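Nothing in this text is a laboratory measurement; each read-out follows from the coordinates by a stated rule. None of these values were measured; they are calculated from a predicted model. FYI the Cβ positions are ideal-geometry reconstructions off the backbone, even for glycines, and counts take in every protein chain you see.
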Amino acid sequence: MNRVANVHLANGGTIELPEPAWCTSQHEQGLDRTDLFHEGPEMALVVDTVRGRVRVLEAALTQYPFASTDAGRVPVVTVALDGGYASFDPLGLRALSLGLARHAERLQQLAYELERLRAEGSR
Ligand SMILES: [Zn+2]
């Protein structure tokens with residue numbers, strides 16, 4: 001049985017929004033129809049820092065089922081980047097993933113360099 005969310009719109013109307021299986025969103029009420037979006041579970045890289053635990057690269061499946069363009073209505077993955085959110089299609093998300101893997105290798109190399117410098121007593 002398909003789930004349906006009842007959502008109140010900004011214009012005072014109500015819409016029955018069919019829910020995709022992956023949507024875990026509690027839909028915000030009072031939006032314009034074109035601003036309604038489905039969102040899947042958020043995932044993030046959790047990093048412990050001297051300032052505490054932070055979440056980076058938060059990502060989730062997202063879809064605006066009533067977007068004004070066909071391209072806007074297909075599901076994407078949104079990722080928190082540089083203070084905002086960017087949307088990725090499958091090819092773009094794979095490119096981001098490969099870039100992150102290369103960056104992780106560089107961070108490993110930097111960690112080895114840091115260990116070497118500390119072992120030498122550099123200040
Ligand atoms: Zn939804």
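Rounded to the nearest 5, what % of DSSP beta bridges with both residues in the chain are antiparallel? Rounded to the nearest five, the antiparallel share is 95 percent. Inter-part distance, the stretch 56-80 to the stretch 1-48, computed on C-alpha centroids, equals 12 Å.
Extension gain for residue 81 to residue 42 (0.36 nm times residue separation, less C-alpha to C-alpha distance): 12.6 nm. Each residue of the stretch 6-11 was assigned a 3J(HN,Hα) from its phi angle through the Karplus expression (A = 6.51, B = -1.76, C = 1.60, θ = phi - 60°), giving 8, 10, 7, 9, 4, 7 Hz with x at Gly and Pro. Panel order for 115, 39, by other beta carbons found within 10 Å of each beta carbon, from fewest to most: 115, 39. Only Cα pairs under 8 Å and 6+ residues apart enter the sum, and on that basis the relative contact order of the stretch 1-122 stands at 13 percent. Convex hull of alpha carbon positions in the chain: directionally averaged projected area 11.0 nm².
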